[in-house]
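Visitor: Have a look at this one.
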Amino acid sequence: MPGIVKDICKTFVLHAVAAHFNNGLLPTALLFLGLTLVSGDLYFERTVLHLSVIALCMVPVSFFSGVRDWRTKFHGGRAPIFYRKMWLSGILFLLVGSAAGLRLTHPGLLAEGGVFKWIYFGCLLGTLPVVVLLGHYGGKLAFQWKNMNH
């Protein structure tokens with residue numbers, strides 16, 4: 001067991017872990033939102049809030065660890081892909097923060113209906129293409145970095 005712990009400590013990549021959190025949590029939040037709409041069970045929607053708040057907390061961790069990796073692994077190289085990832089992270093933070101903020105300030109959002117309900121849905125749905133693009137660009141960078149070092 002100590003060998004595993006030593007290996008994890010030696011190879012742990014904070015950015016990859018933080019980014020995968022969001023790439024897993026937000027599509028799962030959308031799944032639970034769909035379950036809420038299909039079943040009418042508001043407990044599923046409460047899970048959406050919990051997942052969104054956790055993702056909101058992880059976006060800055062992912063962002064700042066990504067900036068650190070960019071500076072160390074890529075020497076802060078000025079390439080459009082890095083700036084796209086930074087913009088997308090900002091957009092993700094705004095979308096998730098808006099959704100969580102709306103839901104926290106309007107607990108009966110789904111029952112009340114109205115414009116806030118649709119903004120809430122739009123913010124949550126908007127996270128999906130953002131995390132897909134972030135993952136896509138991250139994969140391209142990881143593959144590029146691996147090829148540069150082998």
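Please treat every number below as a calculation from the coordinates, not as lab data. Bear in mind that the values here come from a model prediction, so they are computed numbers and not experimental data. Here the Cβ is made from the backbone with ideal geometry for all residues, glycine too, and neighbour counts use every protein chain on show.
Visitor: ³J(HN,Hα) across the range 128-134 via Karplus (A = 6.51, B = -1.76, C = 1.60, θ = phi - 60°), whole Hz, x for Gly/Pro?
Guide: Per-residue couplings from phi come out as 4, x, 5, 5, 5, 5, 4 Hz.
Visitor: A further question on this structure: Counting other beta carbons within 10 Å of each residue's own, what order do Ile91, Ile8 fall into, fewest first?
Guide: Least crowded to most crowded, the residues run Ile8, Ile91.
Visitor: Which whole-Hz ³J(HN,Hα) couplings does the range 83-91 yield from phi under the Karplus relation 6.51 cos²θ - 1.76 cosθ + 1.60, θ = phi - 60°, glycine and proline marked x?
Guide: 5, 4, 5, 5, 4, 4, 5, x, 5
Visitor: For the range 33-150, build the charge dipole from Cβ charges (+1 Lys, Arg; -1 Asp, Glu) around the Cα centre, then report which of Ala99, Cys57, Gly113 sits farthest towards its positive end.
Guide: Cys57
Visitor: Hey, another quick one. Could you derive backbone 3J(HN,Hα) for the range 104-121 from the dihedral phi with the Karplus parameters 6.51, -1.76 and 1.60 (θ = phi - 60°), listing whole Hz in sequence and x where the residue is Gly or Pro?
Guide: Rounded to whole hertz, the list is 6, 7, 10, x, x, 3, 5, 6, 5, x, x, 5, 5, 4, 6, 5, 4, 4.
Visitor: Excluding His106 itself, calculate the net charge of residues whose Cβ lies under 11 Å from the Cβ of His106, where each Lys or Arg counts +1 and each Asp or Glu counts -1.
Guide: Taking every Cβ under 11 Å from that of His106, the sum is +1.
Visitor: What is the magnitude of the charge dipole of the range 2-145 about its Cα centre, with +1 placed on the Cβ of each Lys and Arg, -1 on the Cβ of each Asp and Glu, and no other charges, expressed in debye to the nearest 20?
Guide: It comes to approximately 660 debye.
Visitor: Over the chain, what is the relative contact order in percent, taking alpha-carbon pairs closer than 8 angstrom and at least six residues apart?
Guide: Once normalised by length, the contact order is 26 percent.
Visitor: Any chance you could list the semi-axes, whole Å, largest first, of the equivalent ellipsoid that the Cα gyration tensor gives for the chain, using √(5λ)?
Guide: The equivalent ellipsoid of the chain has semi-axes of 33, 18, 12 Å.
Visitor: Right, here's the next one. Counting pairs on different chains as well as pairs 8 or more places apart, how many Lys pairs in the chain have Cα atoms under 27 Å apart?
Guide: 11
Visitor: Gap in Å between the Cα centre of the range 1-57 and the Cα centre of the range 96-110?
Guide: Using only Cα atoms to place each centre, the spacing works out to 19 Å.
Visitor: Measuring from label point to label point, each 7 Å out along Cα→Cβ, what is the Leu133 to Ile119 span in nm?
Guide: Roughly 2.2 nm, to one decimal.
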